[in-house]
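Visitor: Dropping the structure in here first, questions after.
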Amino acid sequence: RAANFLRSKGGTNEKNSSGRQKELLKKLAKENNYWIDDYKKLGEYIGKGMESEVFLSPDGNSVYKANDLEFYDTPLSFLNTIDKHNELFPESTYELIGFTKREDTRKLAFVLKQPFIQAERGATEQEVVEELEKRGFSSGVSNLVFTKGNIEVLDLHEGNVLVDKKGNLFFIDPVIFVEEFKESLSEPSVEDV
């Protein structure tokens with residue numbers, strides 16, 4: 001719904017589309033009860049990565065991530081990658097439940113819900129390579145970037161790919177770029193939403 005809203009409001013046609021998209025999403029969230037004032041009440045804090053603060057739900061079945069789009073130039077590109085993530089990695093789908101302002105970065109953040117994975121350990125590089133090759137991806141010069149058609153998947157270290165007790169791999173936090181939506185990695189914005 002949020003991606004369609006941005007497209008319909010012309011947020012993608014603006015010269016400063018990232019700022020415009022953030023303004024539109026904040027307005028949509030507040031008008032439709034998707035704004036989460038205190039995201040830290042969603043659960044118990046369990047960690048922080050480059051782009052997300054992570055909380056375990058009270059029932060222990062899900063995690064909530066307050067993601068401030070560190071790797072993406074616009075909210076729409078991030079929304080597109082959430083869809084692609086869910087298509088590529090259905091065992092660890094994201095559900096967008098709302099929006100907030102991160103306390104630490106002071107940036108607009110997407111609040112995502114994802115199944116909690118009971119992991120035995122992080123995946124090895126070889127396990128990641130083998131699993132993605134089974135899924136039709138190939139690695140480039142190094143095993144750090146995987147491609148399949150117009151899709152690039154990266155940031156697949158042992159903290160972002162988990163292995164359960166049965167040996168199944170779960171891609172919980174990859175960075176995904178789709179060529180038609182791909183934007184260059186850039187320095188974080190100092191924009192305050």
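Visitor: List, please: which pairs have Cβ atoms under 6 Å, are six or more places apart or on different chains, and start with a residue in the range 161-183 that is under 15 Å from residue 71 (Cα atoms) and open to solvent by 40 Å² or more (accessible area, probe 1.4 Å) and end with one that is in a strand (DSSP E or B) and at pLDDT 95 or above?
Guide: none
Visitor: Moving to a separate point now. Could you please find all residues in the range 81-101 being of a type in the set (A, V, I, L, M, F, W, C), outside any helix (DSSP H, G or I) and more than 15 Å from residue 132 (Cβ to Cβ)?
Guide: Listed by number, the residues that qualify are 96, 97, 99.
Visitor: Only one of 103, 120, 131, 95 is open to solvent by 50 Å² or more (accessible area, probe 1.4 Å), among the charged types (D, E, K, R) and closer than 22 Å to residue 178 by Cβ; which?
Guide: 95
Visitor: Would you please list the contacts, defined by Cβ atoms under 8 Å and residues six or more apart or on different chains, that run from a residue in the range 7-35 that is at pLDDT 85 or above to a residue that is of a type in the set (Phe, Trp, Tyr) and open to solvent by 60 Å² or more (accessible area, probe 1.4 Å)?
Guide: Note: pairs meeting the criteria are 28/34.
Visitor: Being of a type outside the set (S, T, N, Q) and free of Cβ contacts under 8 Å to residues at least 60 places away in the same chain is the filter; apply it to the range 66-92 and report the residue that is surrounded by the most Cβ atoms within 10 Å (Cβ to Cβ).
Guide: 66
Visitor: Go through 177, 78, 146, 181 for me and flag whichever is part of a loop (DSSP other than H, G, I, E, B) and modelled with pLDDT under 95.
Guide: Exactly one residue qualifies, and that residue is 181.
The values are calculated or read from the model by the stated rules, or taken from the named source; none is laboratory data. All of these numbers come straight from a predicted model, not from anything done at the bench. Positions of Cβ are backbone-derived with ideal geometry, glycine not excepted, and every protein chain shown enters the neighbour counts. The protein model used for the area step is the full one, side chains on, heavy atoms only, and it has no ligands, DNA or RNA in it. Shrake-Rupley method; radii C 1.70, N 1.55, O 1.52, S 1.80 Å.
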